[in-house]
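Nothing in this text is a laboratory measurement; each read-out follows from the coordinates by a stated rule. What you see is a predicted model, and the numbers here were worked out from it, not measured in a lab. In this analysis, Cβ positions are derived from the backbone assuming ideal geometry, glycine residues included, and neighbour counts consider all displayed protein chains.
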Amino acid sequence: MNLNNLTPATGSTHKEKRIGRGQGSGRGGTSTRGLNGAQSRSGYSYKIGFEGGQMPLQRRLPKFGFKNPNRIEFKAINLYTIETLANKLNVSKIGIDELLGAGLVSPNDLVKVLGQGTLNKALEVTADAFSKSAAAAIEAQQGKAILTILDEEEEPTTKE
C-alpha cells in the first residue's frame, strides 16, 4: 500500500449532482428548482420563521409569563439527603465539599437546604441558603446552619 493508491471506503463518497447541463441530463431546464415562485429564482433566501405567507407560528401563539433577570437559582438538597450522607461518611460537618464529593452538586451550584426529612443527630451544615423549616430542624438537634453567601467584607453568619 502506497500513498498513491489510497481510496475512500466503498460507499463513503457520492457523485456530485450535476444540474443545469441540458435536457438530456435529466436535470436541465429548471435545474431541480421547480417551475415558478421565489424559490426557483436566483438570490432567493427566506427569513427565519417565514411560512410562505401563512401567519407564522410565533405570531399565532400568545405571549405570556415573566422571566426575572435577577433570579438566583439554587440546587435543592433536602435534610434526608444530608442525614444519609452524614451517616455514610460518618461526619458531623456537612459542607459544599462533601456534597461535591458525593456528586450531589456541581462546582458552580448554589446550594439551598430544604426541610424535607428529619435529622437524628447534631450536624454543622454549611450552605448558601436554608429554608426556615430546615434551619429550625438543624437547630432543634443542637446543630448549626451556617450561611456561605457573603458580601465583600463579611464573615460567615450563623443562624441561631
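Could you list T30, T81 so that the one with the fewest beta carbons within 10 Å of its beta carbon is first and the one with the most is last?
On the way: T30 12, T81 18.
Taking fewest neighbouring Cβ atoms as first place, the list is T30, T81.
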Nearby lysines by direct alpha-carbon distance to K93 (threshold 29 angstrom, same-chain neighbours under 8 apart not counted): K75, K112, K121, K132, K144, K159
Rounded to whole Hz, the Karplus (6.51, -1.76, 1.60) HN-Hα couplings of the stretch 61-74, x for glycine and proline: 8, x, 8, 7, x, 8, 10, 6, x, 9, 5, 9, 9, 10
Size descriptor, Kirkwood hydrodynamic radius, that averages inverse alpha-carbon separations across the stretch 1-72, Å: 18.5
Most fluctuating residue given options S42, S131, S92, as computed from a GNM of the chain linking Cα atoms under 10 Å: S42
Percent of beta bridges antiparallel (DSSP, the chain, rounded to nearest 5): 15
Reachable lysines from K47, criterion Cα separation under 28 angstrom, eight or more residues apart if same chain: K17, K63, K67
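So if I average 1/r over every pair of distinct C-alpha atoms in the chain and take the inverse, what Kirkwood radius in Å does that give?
Working: mean 1/r = 0.0441 Å⁻¹.
One decimal place: 22.7 Å for the Kirkwood radius.
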